[in-house]
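*Asks:* Structure below; questions to follow.
Here, each number is a calculation from the coordinates, and none is a lab measurement. The shown structure was predicted, so the numbers you read here are calculated from the model rather than taken from an experiment. Glycine gets a Cβ as well: all are built from the backbone with ideal geometry, and neighbour counts include every protein chain shown.
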Amino acid sequence: LQLHGTQLRAQEGQVIGALLVLNDMTRLRRLETLRRDFVANVSHELKTPITAIKGFVETLQDGALDRREEAERFLQIIERQVERLSIIIEDLMSLSRIEQGEERHSFVLEVAPVAPVVAEAINDCVLQASQHDIRIDRQCDGDWRVAINAPLLEQALTNLLDNAIKYSSTGGCIRVSCRAEQNELVIAVQDEGCGIEAEHLPRLFERFYRVDKARSRKAGGSGLGLAIVKHIVQIHRGQIQVSSLPGQGSTFSIRLPLA
Ligand code: ADP
């Protein structure tokens with residue numbers, strides 16, 4: 001608590017009272033801590049690939065450039081690290097654009113059919129899925145109409161599908177379904193992948209939170225995908241839920257108020 005006190009005096013100068021102002025700083029402090037943690041996380045995430053790039057460039061300069069096979073291997077590593085940097089930066093920009101829009105209420109929601117958005121999101125991911133021999137099933141036939149911002153909802157679904165692919169084994173199947181439950185439309189993305197231990201579930205939507213850092217990085221994740229999904233769902237006044245069983249798979253459900 002922050003405390004300010006002043007005496008109140010009449011025109012003649014005698015004290016006639018006191019004014020005490022108590023400011024609850026808890027929220028501000030918490031925001032400040034979150035901001036500091038975020039900057040530290042971003043710096044760390046960017047520093048790791050930069051350090052690797054620097055190291056391999058130096059090794060090339062120190063003579064590896066003359067050994068063709070080695071040089072090619074190092075260049076490939078450098079290329080992957082540059083790719084990783086650009087994914088992190090793209091996701092950071094995306095998250096900041098969405099958060100700003102959310103604060104300023106600048107995203108317009110329009111009542112529109114959901115099925116084409118689901119189909120489009122699946123389209124965005126089929127190539128990536130087929131490269132891992134993964135099938136995506138769609139069960140979203142009803143004429144569901146909800147207040148949506150189509151590009152944002154498509155991005156949220158693409159992020160969920162991208163994860164479902166990344167954390168599935170070759171040959172797996174992903175199911176995207178729509179159903180009505182009370183006054184909500186539930187869009188579920190279900191995979192048969194590695195699953196998530198219960199202790200991690202409450203923290204999954206935090207920026208840069210990962211269950212298995214090495215696996216996530218190897219799969220090309222920035223650690224921001226689900227944080228972006230959470231904000232997009234909030235913009236839609238909806239909710240995001242996850243249920244998962246380790247070794248059996250996960251289901252991420254977006255619940256949107258039905259129009
Ligand atoms: P990342 O870029 O690391 O995938 P996300 O924010 O998208 O970041 O996800 C956070 C973490 O949640 C991931 O690192 C992973 O550990 C876990 N996760 C997300 N989706 C799935 C899934 N479908 N199956 C298993 N684990 C998942």
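*Asks:* Of all trypsin sites (Lys or Arg not before Pro) in the range 87-191, which ones are in loop regions per DSSP and have a Cβ with at most 16 other Cβ atoms within 10 Å?
*Replies:* Details: sites: Arg97, Arg104, Arg135, Arg138, Arg145, Lys166, Arg175, Arg179; in loops: Arg104.
Qualifying residues, ordered by number: Arg104.
*Asks:* What does the net charge come to around Ile228 if you take all other residues with beta carbon closer than 14 Å to its beta carbon, with K and R at +1 and D and E at -1?
*Replies:* Result for the local shell: -4.
*Asks:* Run the quick spin-label model on Leu19 and Glu72: label points 7 Å from Cα toward the beta carbon, then report their separation in nm to one decimal.
*Replies:* With each label placed 7 Å out from Cα toward Cβ, I get 7.7 nm.
*Asks:* If I model the range 152-231 as equal point scatterers sitting on the Cα atoms and use the Debye formula, what is log10 I(q)/I(0) at q = 0.11, 0.15, 0.25 Å⁻¹?
*Replies:* Per q value, in the given order, log10 I(q)/I(0) is -0.30, -0.57, -1.41.
*Asks:* Calculate, axis by axis, the spread of Cα positions in the range 149-198 along the three principal axes, and write the results as whole Å, longest axis first.
*Replies:* The Cα atoms of the range 149-198 stretch 34, 25, 22 Å along their principal axes.
*Asks:* Something else: Would you mind telling me the antiparallel percentage of the DSSP bridges in the chain, rounded to 5?
*Replies:* 85
*Asks:* Mind checking which of Asp62, Asp133, Asp141 has the largest fluctuation in a GNM of the chain, springs on alpha carbons under 10 Å?
*Replies:* Asp62
*Asks:* Can you give the relative contact order of the range 44-155 as a percent, counting alpha carbon pairs under 8 Å and 6+ residues apart?
*Replies:* Reported relative contact order: 25 percent.
*Asks:* Assuming a ≥ b ≥ c are the square roots of the Cα gyration tensor eigenvalues, decide whether the range 89-234 counts as rounded (a/c under 1.5), prolate (otherwise, with a/b larger than b/c) or oblate.
*Replies:* Oblate shape, in that a/c is at least 1.5 and b/c is the bigger or equal ratio.
*Asks:* Going through the range 58-87, which trypsin sites (Lys or Arg not before Pro) have at most 15 other Cβ atoms within 10 Å and a DSSP loop state?
*Replies:* Working: sites: Arg67, Arg68, Arg73, Arg80, Arg84; in loops: Arg67.
Counting only loop positions with at most 15 other Cβ atoms within 10 Å, the trypsin sites (Lys or Arg not before Pro) in the range 58-87 are Arg67.
*Asks:* Check the cysteines of the chain one by one and keep only those with no other cysteine Cβ under 4.7 Å from their own.
*Replies:* When partners are defined as cysteine Cβ atoms under 4.7 Å apart, the chain leaves Cys125, Cys173, Cys194 without one.
*Asks:* Here's another thing I want to ask about it. Calculate the length of the line joining the C-alpha centroid of the range 77-144 to that of the range 1-56, in whole Å.
*Replies:* After rounding, the separation between the Cα centres reads 35 Å.
*Asks:* Okay, moving on. Loop-only GluC sites (Glu not before Pro) in the range 111-220, please: DSSP not H, G, I, E or B, and at most 13 other Cβ atoms within 10 Å.
*Replies:* Loop-located and lightly packed - Glu197.
*Asks:* To the nearest 500 deg cm²/dmol, what mean residue ellipticity at 222 nm is calculated for the chain from DSSP H runs of n ≥ 4 alone, each contributing -39,500 (n - 2.57), summed and divided by the residues?
*Replies:* Rounded to the nearest 500, the figure is -16500 deg cm²/dmol.
*Asks:* Rg(Cα) of the chain divided by 2.2 N^0.38 Å?
*Replies:* The chain yields a ratio of 1.34.
*Asks:* What ranking do 5-18, 244-257 get when scored by the average of other Cβ atoms within 10 Å per residue, highest first?
*Replies:* So the peptides 5-18, 244-257, ranked by packing, come out 244-257, 5-18.
*Asks:* Just need the relative contact order of the range 143-252 here, percent rounded to a whole number, with Cα pairs under 8 Å and 6+ apart.
*Replies:* 32
*Asks:* At a Förster distance of 30 Å, what's the computed FRET efficiency of Gln182 paired with Arg135, Cβ-Cβ distance as r, to 0.05?
*Replies:* On the way: r = 31 Å, r/R0 = 1.03.
Working from the Cβ atoms, E equals 0.45.
*Asks:* State log₁₀ I(q)/I(0) for the range 192-237 at q = 0.22, 0.26, 0.31, 0.32 Å⁻¹ as given by the Debye formula over alpha-carbon point scatterers of equal weight, solvent excluded.
*Replies:* After summing over all Cα pairs, the log10 values are -0.83, -1.03, -1.17, -1.18.
*Asks:* Pop a pseudo-label 7 angstrom from the Cα along the beta-carbon direction at both Arg145 and Arg29 and give the gap in nm to one decimal.
*Replies:* Label-label distance for Arg145 and Arg29, simple model: 5.1 nm.
*Asks:* Okay, next question. Report relative contact order for the chain in percent, whole number only (criteria: Cα-Cα under 8 Å, sequence separation at least 6). If you can, show how the numbers build up before the last one.
*Replies:* On the way: 382 pairs, mean separation 41.3, N = 259.
After rounding, I find 16 percent.
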